[in-house]
Amino acid sequence: MKMNDKVVYWEVQRQRQFWVWAIVLLCTAIMWYGFIQQIIFGVPFGNNPASDGTMIVIWVIFGVIFPVVMLGFSKLTTEVRHDGIYIRLSPFHIRYKKFLFKDIYDYKSITYSPIKQFGGIGIRINMKGETAYNLYGKKGIELKLKYETVVIGTQKPDEFKEALDVVCNKQK
């Protein structure tokens, strides 16, 4: 393992908000109800029902795949290594997205509102051009890069910032 590959800080966040779970499960329940009503009992679902084939496809996507991905596989992994910060929002990022220390000119621990500042959770870009990567909570590390500002959500802002301080001081 190269020195740049050594992980100094590691955190994994998962969906924990009640309201996210409620919305996903409500959508899932409606899809299951429509599937059972139309496919199993033969009663068309809704005022303008889809064909049985379309209903099966919609049910597979929104009744099975969507809840499994959103509630089961969705996670934000954050790593601080000797050359930069690596994040991965699964299942949307296949590889880690990296923010190299040579491109970061400032960072700080912040408290923010994901809903007010970015319009929600996940990968979000606000009207100021700032990008947020967040799944849970309102604490984060704000990175000032050459051409953009990035906020990475964290449940352990002190540990995250401490790891950044340690690695950045070694590089100076």
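When the residues of region 126-144 are filtered to those that are hydrophobic (A, V, I, L, M, F, W, C) and touching a helix residue (DSSP H, G or I) at 6+ places or on another chain (Cβ under 6 Å), the one that is farthest from Gln155 (Cα to Cα) is Ala132. Of the residues Leu100, Leu71, Leu76, only one is at pLDDT below 95, under 30 Å from Gly140 (Cβ atoms), loosely packed, with under 15 Cβ neighbours inside 10 Å and among the hydrophobic types (A, V, I, L, M, F, W, C); which? So the residue among Leu100, Leu71, Leu76 that is at pLDDT below 95, under 30 Å from Gly140 (Cβ atoms), loosely packed, with under 15 Cβ neighbours inside 10 Å and among the hydrophobic types (A, V, I, L, M, F, W, C) is Leu100.
The strands (runs of 3 or more DSSP E) found wholly in region 1-92 and carrying at least 1 residues that are of a type in the set (Gly, Ala, Ser) occupy 84-90. If you go through region 134-159, how many residues are farther than 15 Å from Gly119 by Cα, surrounded by 14 or more Cβ atoms within 10 Å (Cβ to Cβ) and of a type in the set (Ser, Thr, Tyr)? Within region 134-159, residues that are farther than 15 Å from Gly119 by Cα, surrounded by 14 or more Cβ atoms within 10 Å (Cβ to Cβ) and of a type in the set (Ser, Thr, Tyr) number 2. Figure legend. Inter-residue proximity from region 100-128: first residues within 17 Å of Leu164 (Cβ to Cβ), second residues in a helix (DSSP H, G or I), beta-carbon distance below 6 Å, spacing 6+ or different chains. Indicated pairs: Tyr107/Leu164; Ser109/Pro157; Ser109/Lys161. Checking each residue in region 124-172 for being touching a Gly at 6+ places or on another chain (Cβ under 9 Å) and of a type in the set (Lys, Arg) picks out Lys138, Lys139. Does Ile123 satisfy the condition of being β-branched (Val, Ile, Thr), closer than 18 Å to Thr154 by Cα and modelled with pLDDT under 95? The answer is yes for Ile123. Here Tyr96 passes the criteria (1) of a type in the set (Phe, Trp, Tyr); (2) outside the structural domain of Ala163 (by TED's automatic domain parsing); (3) free of Cβ contacts under 8 Å to residues at least 40 places away in the same chain except the one numbered (2). Evaluated against (1) over 15 Å from Thr154 (Cβ atoms); (2) in a strand (DSSP E or B), Phe99 falls short on exactly one condition, (1).
Is it the case, given these coordinates, that Leu164 is farther than 28 Å from Val20 by Cα, touching a residue at least 60 places away in the same chain (Cβ under 8 Å) and buried (at least 17 other Cβ atoms within 10 Å of the Cβ)? Yes; evaluated as a whole, the condition is true for this residue. Does at least one position in region 56-67 carry a residue that is over 20 Å from the mean Cα position of the chain (by Cα) and either assigned by TED's automatic domain parsing to the domain that holds Ile141 or loosely packed, with under 14 Cβ neighbours inside 10 Å (or both)? Checked against the condition, which is being over 20 Å from the mean Cα position of the chain (by Cα) and either assigned by TED's automatic domain parsing to the domain that holds Ile141 or loosely packed, with under 14 Cβ neighbours inside 10 Å (or both), region 56-67 yields at least one hit.
The values are calculated or read from the model by the stated rules, or taken from the named source; none is laboratory data. On a predicted model such as this, the values are computed, not experimentally measured, just so you know. We place every Cβ from the backbone using ideal geometry, glycine too, and count neighbours over all the protein chains shown.
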